[in-house]
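In what follows, a structure is listed as structure tokens, so that the remarks can point back to it.
Bear in mind that the values in this text are calculations on the coordinates, not laboratory data. As the structure is a computational prediction, the values presented were derived from the model and not from experiment. Cβ: placed from backbone, ideal geometry, glycine included. Neighbour counts: every protein chain shown.
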Amino acid sequence: MAKLELLPAVDVRDGQAVRLVHGESGTETSYGSPLDAALAWQRSGAEWLHLVDLDAAFGTGDNRALVREVTEVMDIKVELSGGIRDDDTLAAALATGCTRVNLGTAALETPEWVAKVIAEHGDRIAVGLDVRGTTLRGRGWTRDGGDLYETLARLDSEGCARYVVTDIAKDGTLQGPNLELLKNVCAATDKPVVASGGVSSLDDLRAIAELVPQGVEGAIVGKALYAKAFTLEEALEEVSR
Ligand SMILES: O=C(O)c1ccccc1N[C@@H]1O[C@H](COP(=O)(O)O)[C@@H](O)[C@H]1O
């Protein structure tokens with residue numbers, strides 16, 4: 001069986017690595033230097049880093065220089081998210097040398113532009129499907145942006161290579177992933193899915209890994225690592241069995 005990829009997360013707000021609860025601004029717990037956090041995950045054996053500029057996602061500024069620095073220093077693959085919504089922000093993100101970018105709001109608000117950049121950049125573009133129930137959310141998860149499955153069908157028809165699926169109700173809560181949502185999204189698309197939100201234990205990772213045959217390719221792990229629910233080494237060992 002193909003192994004589940006793990007993407008430890010570094011979310012950046014106001015220059016700090018933070019974790020939020022339900023993605024809500026103001027719920028930040030700070031974990032210090034984003035570069036130190038990213039290097040720690042790399043030293044622990046991560047093959048991927050999921051790096052988010054939360055200020056860019058919320059529209060409260062940006063951490064672009066810092067995010068670029070972190071991406072350039074990493075020897076591992078980087079998935080870059082947050083505030084990538086037009087030609088300039090996409091060009092800057094891709095120029096960091098990241099492996100791929102993850103588009104959220106743009107996929108809801110500027111579908112023609114997203115179709116164009118999917119056609120231009122293929123596998124370097126993923127779309128983040130951030131949902132409450134089956135309603136997509138954009139602009140820092142503060143605005144509704146349409147139906148999950150209608151949007152997924154549209155993006156599939158445009159050749160989107162991959163989806164990062166976040167259950168906002170689970171994100172940052174350590175309450176376990178939404179396995180039903182992951183199964184439903186996998187049933188609706190042939191494209192790989194990266195699971196995000198709620199991972200709290202090695203059992204959760206095992207449960208997500210069981211969905212690899214259905215199309216789940218990876219899992220983003222955030223709060224559980226920062227809260228030391230398990231180590232990244234333990235998690236990597238778990239998904240390599
Ligand atoms: O990751 C979070 O906790 C988060 C919280 C609130 C908003 C966005 C968040 N993360 C990621 O940011 C991008 C979306 O940014 P944009 O809409 O394209 O500007 C997406 O990957 C979210 O999962």
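Here are the numbers:
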{"item": "The chain: Lys pairs at Cα distance under 20 angstrom, eight or more positions apart or on different chains", "result": "9"}
{"item": "Two-decimal Rg to Rh for the chain - Kirkwood Rh, Cα set", "result": "0.92"}
{"item": "Percent antiparallel among DSSP beta bridges (both partners in the chain, rounded to 5)", "result": "25"}
{"item": "Rg and Dmax of the range 102-214, Cα atoms only, in Å", "result": "13.6, 40"}
{"item": "Proximal charge balance of Arg68 [Cβ under 13 Å; K/R count +1, D/E count -1]", "result": "-3"}
{"item": "The range 1-50 versus the range 209-225: alpha-carbon centroid distance in Å", "result": "15"}
{"item": "Per DSSP, loop trypsin sites (Lys or Arg not before Pro) in the range 85-174 with at most 16 further Cβ within 10 Å", "result": "Arg139"}
{"item": "Cα Rg, Dmax, the range 152-241, angstrom units", "result": "13.1, 41"}
{"item": "Phi to ³J(HN,Hα) by Karplus 6.51 cos²θ - 1.76 cosθ + 1.60 over the range 16-31, Hz, x for Gly, Pro", "result": "10, 6, 9, 10, 10, 10, 6, x, 8, 4, x, 9, 4, 10, 9, 10"}
{"item": "Distant-in-sequence amide H partners of Val221 (H built 1.01 Å from N, under 5 Å)", "result": "Leu7, Ala9"}
{"item": "Cβ-defined net charge surrounding Trp141, 15 Å radius [Lys, Arg +1; Asp, Glu -1]", "result": "-2"}
{"item": "Net charge, Ala2 excluded, C-beta distance under 14 Å - Lys, Arg +1, Asp, Glu -1", "result": "-2"}
{"item": "GluC sites (Glu not before Pro) restricted to the range 1-63 and DSSP loop, no more than 16 other C-beta within 10 Å", "result": "Glu24, Glu47"}
